[in-house]
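Peer 1: Following this message is one structure expressed as structure tokens.
The values are calculated or read from the model by the stated rules, or taken from the named source; none is laboratory data. Here the structure is a predicted model, which is why all the values come from computation and not from measurement. Note that we place each Cβ from the backbone using ideal geometry, even for glycine, and neighbour counts take in every protein chain shown. Surface areas here come from the heavy atoms of the whole protein model, side chains and all, with no ligands, DNA or RNA. Shrake-Rupley method; radii C 1.70, N 1.55, O 1.52, S 1.80 Å.
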Amino acid sequence: MLGDRNVNVFYDEVMLGHDPKVDLPFVPSRVEKRVRHILQGLDFKWSYPEHPGRLSAIIKHLEQHPVPGVQFRKGSNATYNQLARVHTTSYLDHFLSLFGKAAWVDSDTTAVSPNSVNAALAAAGNAIAAVESVVNGECQSAFALVRPPGHHAEPVRARGFCLLNNVAVAAAHAQAKLGCERVLIIDWDAHHGNGTQDIFWADPDVLFFDTHCAAPFYPGSGALEEVGAGFGEGYTINVPLPESAGDIAFEKVFREILVPAAAHFKPDLILVSAGFDPHRNDMALNLTYDGFKVITRIVQEIADQHCEGRLALVLEGGYNLSSLSQGVHAVLEVLAGGEVPELLEAGVKEANEAAEFHRSAFSDED
């Protein structure tokens, strides 16, 4: 029943300070020149897609439609040492030097504004706080509503609107400080989590499972054959899907690939890179809110079976503000114990409802 499970949601308004705008005076660099060249070639005015309104829309929706069992919390900023478990010190030193500045940091138009460093530190710190609250038994699951997102950020660079790899930082913290030996990371964002894969590519203690829209969709990685290397071979599972894939395909993938993989791995903790751009109103793929509910319940059941319910989600993408906010709400309802619908092929539920509505017109029964 909805409200039977308690969920901690982590959020800090500091993260709204990350707000790159094209007309800011950016630090001159070769990357800046290249990005300017790219933007000048567009026939429309480009604006930064990963903007503060993403979080504001989610918070507003949750305030207007509160979910029983959900409590809001705020974590501390991540420390240098916590970040250095997954990022090189050379990258961190350069990144931290951008405090108070505006700069393009990657040629795929990833940028920072004057308050972006603080926002990114808060994002990584709140992901850590979400994991700590779950492992310490303060709640049954947690959701870190953070930005900038993180799963494209690699050990040595920012990429794809991501500055620090929030979910990787949280996973490494759980291993180093919270006694979690085996961590399962599930990434259901529409884009492949190339940064997370890179960080744990050769690590047999992290099982990385990623569903995403197949290449050439950004970032173009995540082929079926990418399974890790060295000691980590077999601990990366990629499931590239066509853009038309929706609820039924996702449920099949989660039940037939993720469930047995998790049973073999036996995680101590489960983390989810939770992107909402797979929704049918967003960038790619064809998930509905019911689809998000079902895959959330499957993950929740895996956590209940293998790691005493320890489950933390970390926000990644999602750019349609309506489907983003309603998608987060749908997931939180399941985490809080809400019911999960039976999935049908797209349109079947509406067809059934229409048939029921019209049936009396073709019947002699009163």
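Peer 1: Enumerate the strands (runs of 3 or more DSSP E) found wholly within the stretch 161-275, keeping only those where 1 or more residues are aromatic (Phe, Trp, Tyr).
Peer 2: The strands (runs of 3 or more DSSP E) meeting that bar are 206-213.
Peer 1: Every residue in the stretch 329-362 that is open to solvent by 50 Å² or more (accessible area, probe 1.4 Å) and in a loop (DSSP other than H, G, I, E, B), please.
Peer 2: Of everything in the stretch 329-362, those that are open to solvent by 50 Å² or more (accessible area, probe 1.4 Å) and in a loop (DSSP other than H, G, I, E, B) turn out to be 339, 342, 344, 345, 346.
Peer 1: May I pose another question? Exactly one of these conditions fails for residue 324: (1) farther than 28 Å from residue 175 by Cα; (2) surrounded by fewer than 24 Cβ atoms within 10 Å (Cβ to Cβ). Give me its number.
Peer 2: Single failed check for residue 324: (2).
Peer 1: Report the residue count in the stretch 49-67 for those that are open to solvent by less than 20 Å² (accessible area, probe 1.4 Å), part of a helix (DSSP H, G or I) and among the charged types (D, E, K, R).
Peer 2: Residues meeting the conditions: 1.
Peer 1: Right, something else. Is it the case that the stretch 200-209 has a residue that's open to solvent by 10 Å² or more (accessible area, probe 1.4 Å), touching a residue at least 12 places away in the same chain (Cβ under 8 Å), within 25 Å of residue 319 (Cβ to Cβ) and under 16 Å from the mean Cα position of the chain (by Cα)?
Peer 2: No, because not a single residue in the stretch 200-209 is open to solvent by 10 Å² or more (accessible area, probe 1.4 Å), touching a residue at least 12 places away in the same chain (Cβ under 8 Å), within 25 Å of residue 319 (Cβ to Cβ) and under 16 Å from the mean Cα position of the chain (by Cα).
Peer 1: Restricting to the stretch 125-160, and then to whatever is part of a helix (DSSP H, G or I) and within 14 Å of residue 270 (Cα to Cα), can you tell me which residue is nearest to the chain's Cα centre (by Cα)?
Peer 2: Here the residue is 127.
Peer 1: To continue, here is another question. Of the residues 259, 227, 272, 239, which single one is open to solvent by less than 10 Å² (accessible area, probe 1.4 Å), under 23 Å from residue 196 (Cα atoms) and among the aliphatic types (A, V, I, L, M)?
Peer 2: That would be 272, the only listed residue that is open to solvent by less than 10 Å² (accessible area, probe 1.4 Å), under 23 Å from residue 196 (Cα atoms) and among the aliphatic types (A, V, I, L, M).
Peer 1: Then there is this: So is residue 121 touching a residue at least 12 places away in the same chain (Cβ under 8 Å), in contact with a strand residue (DSSP E or B) (Cβ under 9 Å, 6 or more places away or on another chain) and surrounded by 15 or more Cβ atoms within 10 Å (Cβ to Cβ) or not?
Peer 2: So residue 121 does not fit the description; no.
Peer 1: Would you please name the residue that is surrounded by the fewest Cβ atoms within 10 Å (Cβ to Cβ), looking only at residues in the stretch 175-196 that are within 25 Å of residue 90 (Cβ to Cβ) and over 14 Å from the mean Cα position of the chain (by Cα)?
Peer 2: 176
Peer 1: Oh, and also: Only one of 310, 280 is crowded, with 22+ Cβ neighbours inside 10 Å, in contact with a strand residue (DSSP E or B) (Cβ under 9 Å, 6 or more places away or on another chain) and on the phi < 0 side of the Ramachandran plot; which?
Peer 2: Result: 310 is the single residue among 310, 280 that is crowded, with 22+ Cβ neighbours inside 10 Å, in contact with a strand residue (DSSP E or B) (Cβ under 9 Å, 6 or more places away or on another chain) and on the phi < 0 side of the Ramachandran plot.
Peer 1: Go through (1) of a type outside the set (Lys, Arg); (2) closer than 17 Å to residue 71 by Cα; (3) touching a Ser or Thr at 6+ places or on another chain (Cβ under 9 Å); (4) part of a helix (DSSP H, G or I) one by one and return the number of the condition residue 122 breaks.
Peer 2: So the condition that residue 122 fails would be (2).
Peer 1: Only residues that are basic (Lys, Arg) and under 21 Å from residue 159 (Cα atoms): list them for the stretch 61-109, please.
Peer 2: 85, 101
Peer 1: Let me ask something additional. Out of (1) touching a Leu at 6+ places or on another chain (Cβ under 7 Å); (2) outside any loop (DSSP other than H, G, I, E, B); (3) of a type in the set (Phe, Trp, Tyr), the odd one out for residue 46 is which?
Peer 2: Exception for residue 46: condition (2).
Peer 1: Residue by residue through the stretch 69-92, note down the ones that are open to solvent by less than 40 Å² (accessible area, probe 1.4 Å), farther than 14 Å from residue 130 by Cβ and touching a residue at least 40 places away in the same chain (Cβ under 8 Å).
Peer 2: Once the filter is applied, which keeps residues that are open to solvent by less than 40 Å² (accessible area, probe 1.4 Å), farther than 14 Å from residue 130 by Cβ and touching a residue at least 40 places away in the same chain (Cβ under 8 Å), the stretch 69-92 yields 69, 83, 86, 87, 91.
Peer 1: Restricting the search to the stretch 14-33, which residues are assigned to a helix (DSSP H, G or I), in contact (Cβ under 8 Å) with a residue 12 or more places away in the chain and either farther than 12 Å from residue 105 by Cβ or of a type in the set (S, T, N, Q) (or both)?
Peer 2: 14, 15, 16, 17
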